[in-house]
Amino acid sequence: MNIAQAYRDEATLPKRKRSPRRTQDYVTIALFLLPAVVLFLVFIIYPIASSVYYSTFNWNGIGPAVKFVGLDNFKQILTDQVFIKAAGNAVLIVALSLVAQLPLALALAIMVGRDLPGRAFFRTIFFMPYVLSEVIAAIIWLSLFSPDPDRGLINALLTLIPGVQAQNFLGDVNVVMPVVFVVLTWKYFGLHMLLDMAGLQNIPKEVEEAAMIDGASRWQTVRYVTIPLLRSTLLTSVYLSVLGSLTQFNLIWIMTRGGPVNASEVMATYMYRYAFTRFQLGYGSAVALVMLVICLVFSVAYLRLSRRPDPLSGI
């Protein structure tokens with residue numbers, strides 16, 4: 001008796017003879033899922049439900065929440081110029097990541113992944129910043145950007161140039177956001193490069209070789225063959241980059257604390273400032289819910305876009 005015949009015989013059995021086996025299977029599945037479900041409810045669903053509840057109160061986190069304000073917290077968020085500035089900075093980081101960080105990661109992945117001599121060494125160097133924790137990375141760059149030339153390497157090098165004085169990079173409202181983005185790019189482009197390299201390994205070399213045989217240049221091959229076949233990988237990089245930019249906190253808080261004069265404020269630092277330094281936890285919960293809604297809207301849009309057929313599936 002083969003396996004197919006065994007399945008057909010089992011399917012023809014009366015339900016009363018199969019039900020104990022199926023019940024046991026369902027109980028086993030439920031027991032395996034129970035720890036994950038409990039953790040999900042405790043650490044995801046319950047905090048979200050609590051935030052929804054406390055966002056309707058003017059609550060300082062001490063004692064019960066009794067001062068009900070309804071939707072006033074959300075109205076204040078949408079009219080607060082500091083929050084609008086923070087949201088604008090988050091959008092700026094997203095835009096710069098999409099037009100600078102991800103293309104840089106893709107270019108390096110194409111070079112390091114295949115043709116560059118010593119590519120194993122460069123892979124390690126480029127990926128190393130991502131291994132460092134955000135706190136350590138922020139402290140390192142905070143020291144490098146120190147306005148004191150005796151303590152900051154960057155200003156020490158600048159002062160060696162005749163006529164150039166030390167700059168307070170993190171204290172200049174016009175410079176702080178580009179400086180923060182440089183640090184974010186240094187920290188995270190290695191992750192996107194690794195994802196792109198993994199995607200490149202799934203592309204058959206014969207496809208690119210066929211394009212070059214047909215007369216396509218190296219750039220045309222990358223543009224019309226390689227990049228379309230990396231669609232799913234690039235979409236994953238975009239998804240991680242956008243969500244990471246919208247929720248970025250550690251690097252910016254340690255380096256600038258949202259300053260100077262809210263010039264580097266983002267939504268996460270804005271939420272933390274109100275919730276845990278000013279003890280306005282009701283308002284901070286409302287900010288957290290606004291961030292959640294923004295991330296959910298983007299996630300839904302991403303899922304709808306990612307459902308389109310992948311060109312690689314036809315190879």
> Any idea how many residues of region 212-240 are under 23 Å from residue 94 (Cβ atoms) and open to solvent by 20 Å² or more (accessible area, probe 1.4 Å)?
Replying inline: 10
>> Quick test of your reading of the structure: residue 123 fulfils all but one of (1) modelled with pLDDT under 90; (2) among the basic types (Lys, Arg); (3) in contact with a strand residue (DSSP E or B) (Cβ under 7 Å, 6 or more places away or on another chain). Name the failing condition by number.
In response: (3)
> Has region 127-138 got any residue that is closer than 21 Å to residue 239 by Cβ, hydrophobic (A, V, I, L, M, F, W, C) and open to solvent by 20 Å² or more (accessible area, probe 1.4 Å)?
Replying inline: yes
>> Here are the criteria: (1) within 23 Å of the chain's Cα centre (by Cα); (2) more than 25 Å from residue 296 (Cα to Cα). Tell me which single one residue 58 does not satisfy.
In response: (1)
>> For region 241-254: of the residues being touching a Ser or Thr at 6+ places or on another chain (Cβ under 8 Å) and open to solvent by less than 20 Å² (accessible area, probe 1.4 Å), which is nearest to residue 207 (Cα to Cα)?
In response: 241
>> Kindly evaluate residue 74 against the criterion of being touching a Ser or Thr at 6+ places or on another chain (Cβ under 8 Å), open to solvent by 40 Å² or more (accessible area, probe 1.4 Å) and in contact (Cβ under 8 Å) with a residue 60 or more places away in the chain.
In response: yes
> With respect to residue 58, is the statement that it is touching a Gly at 6+ places or on another chain (Cβ under 7 Å) and either open to solvent by less than 40 Å² (accessible area, probe 1.4 Å) or not hydroxyl-bearing (Ser, Thr, Tyr) (or both) true?
Replying inline: yes
> Pairs under 6 Å by beta carbon, first residue without any contact (Cβ under 8 Å) to a residue 60 or more places away in the chain and over 22 Å from residue 105 (Cβ atoms) in region 130-155, partner open to solvent by 70 Å² or more (accessible area, probe 1.4 Å) and not in a helix (DSSP H, G or I), six or more apart or different chains?
Replying inline: 147/168
> How about region 99-120: which of its residues are under 18 Å from residue 231 (Cα atoms) and either loosely packed, with under 13 Cβ neighbours inside 10 Å or modelled with pLDDT of 80 or more (or both)?
Replying inline: 99, 100, 101, 102, 103, 104, 105, 106, 107, 108, 109, 110
> Among (1) in contact (Cβ under 8 Å) with a residue 24 or more places away in the chain; (2) touching a helix residue (DSSP H, G or I) at 6+ places or on another chain (Cβ under 8 Å), which single condition is residue 172 missing?
Replying inline: (2)
>> Just the residues that are more than 16 Å from residue 49 (Cβ to Cβ) and among the polar types (S, T, N, Q), please, taken from region 270-296.
In response: 277, 280
>> Based on this model, can you work out whether residue 307 counts as within 23 Å of residue 252 (Cα to Cα) and among the charged types (D, E, K, R)?
In response: no
>> Can you pull out every residue in region 149-174 that is of a type in the set (Gly, Ala, Ser), open to solvent by 20 Å² or more (accessible area, probe 1.4 Å) and part of a loop (DSSP other than H, G, I, E, B)?
In response: 163, 166
>> For the condition over 16 Å from the mean Cα position of the chain (by Cα), within 22 Å of residue 134 (Cβ to Cβ) and at pLDDT below 90, what is the one hit in 199, 259, 163, 215?
In response: 259
> Are any residues in region 190-211 exposed (fewer than 14 other Cβ atoms within 10 Å of the Cβ) and outside any helix (DSSP H, G or I), and if so, which ones?
Replying inline: 202, 204
> In region 175-182, is there at least one residue being farther than 30 Å from residue 229 by Cα and assigned to a loop (DSSP other than H, G, I, E, B)?
Replying inline: yes
>> With the structure loaded, tell me whether residue 222 is outside any helix (DSSP H, G or I), touching a residue at least 40 places away in the same chain (Cβ under 8 Å) and out of contact with any helix residue (DSSP H, G or I) (no Cβ under 6 Å at 6 or more places or on another chain) or whether it fails that test.
In response: no
> Restricting attention to region 10-53, which residues are of a type in the set (Asp, Glu) and at pLDDT 55 or above?
Replying inline: 25
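The values are calculated or read from the model by the stated rules, or taken from the named source; none is laboratory data. Everything numeric in this text was worked out from a predicted model, so none of it was measured. Note that each Cβ is placed from the backbone with ideal geometry, even for glycine, and that neighbours are counted across all protein chains shown. Side chains included, ligands, DNA and RNA excluded: accessible areas come from the protein's heavy atoms. Shrake-Rupley method; radii C 1.70, N 1.55, O 1.52, S 1.80 Å.
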